[in-house]
Structures are given as C-alpha cells and as structure tokens.
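One structure is given below, encoded as structure tokens.
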Amino acid sequence: MSSEQELQISPIVQESLMHNSRTLYNLQSLTASLFGISAGILGLESYSGFLFYLVFSLLTAVLFYLVRVAPSSLAAGKSPLDTSRYFRGPFEFWAGGLMNGLAGFILTWTLLYGLVRA
C-alpha cells in the first residue's frame, strides 16, 4: 500500500489503470486466438491442448512484464515484482488473462483442428 506522500508525488490515475487493463486484455485475447490456431494446426487434443494454452499464456504474461512493467518499476525504485502501480492487483496481471482468452482459444482451436483433420 502506498503512503500518502508517495501518492501525492506520483498519483495513481484510474483512467491509466483502466487503459493498462484494456491493453492487457486485448493482448491476451489476440494471443489466445493465435494459440488456438497453433493448437488446432498441431492437432493437439484434450489436456495437451489446454496445457499448451496455459504455458503460452503465462509465457505471454512474463514477456509483457519483462518488456513493459519491470523496467518502469525499477526506474521508479519499486520492487521488480510490484504490479500494483500499473494494474489493480497482481492476480489481474498474472492470472486474469487465463479466463479472458479461454473462449477465443477454444473456438479457434476446434475450428482449425476440424479444418486440418477433415
């Protein structure tokens, strides 16, 4: 939790938090569809397809974190794992995308699997 002095020096703006969340949601939705296309073309079935989605979604979150969040957190003198300055909480950043993109993943996965295997 930030102290009052820190919030006065660098306030957390709700519009910025919403913009960051929207950007992350768009990235997760796009990559989930791309992962579904990949899983369908590879012919993955059952648990291997869902494991593929889980691993690559977490990899996407890690890469997004390393490219966008970590450098600015270190420059601000914060902990490198602190996402509260840019997102509502760590759960929204690390695990929120798993459920956001699941429907798109399954849709494109089954579509491409059916097209390739037909």
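The values are calculated or read from the model by the stated rules, or taken from the named source; none is laboratory data. Since this is a predicted model, take the numbers as computed values, not measurements. Glycine gets a Cβ as well: all are built from the backbone with ideal geometry, and neighbour counts include every protein chain shown. Each accessible area value is taken on the protein alone, full model and side chains, heavy atoms only, with ligands, DNA and RNA left out. Shrake-Rupley method; radii C 1.70, N 1.55, O 1.52, S 1.80 Å.
Here are some notes:
- The gain in end-to-end length when the M99 to V13 segment is fully stretched comes to 28.4 nm, 0.36 nm per residue minus the alpha carbon separation.
- Using a simple spin-label model with pseudo-atoms 7 Å out from Cα toward Cβ, S29 and V67 lie 1.9 nm apart.
- Rough spin-label spacing in nm, given labels placed 7 Å along Cα→Cβ, for L115 and F91: 3.7 nm
- Figure note: Y53, Y86 ranked by solvent-accessible area, largest first, 1.4 Å probe, ligands and nucleic acids not counted: Y86, Y53.
- For the set T31, T83, T23, solvent exposure ranked by accessible area (probe 1.4 Å, protein chains only) runs largest to smallest as T23, T31, T83.
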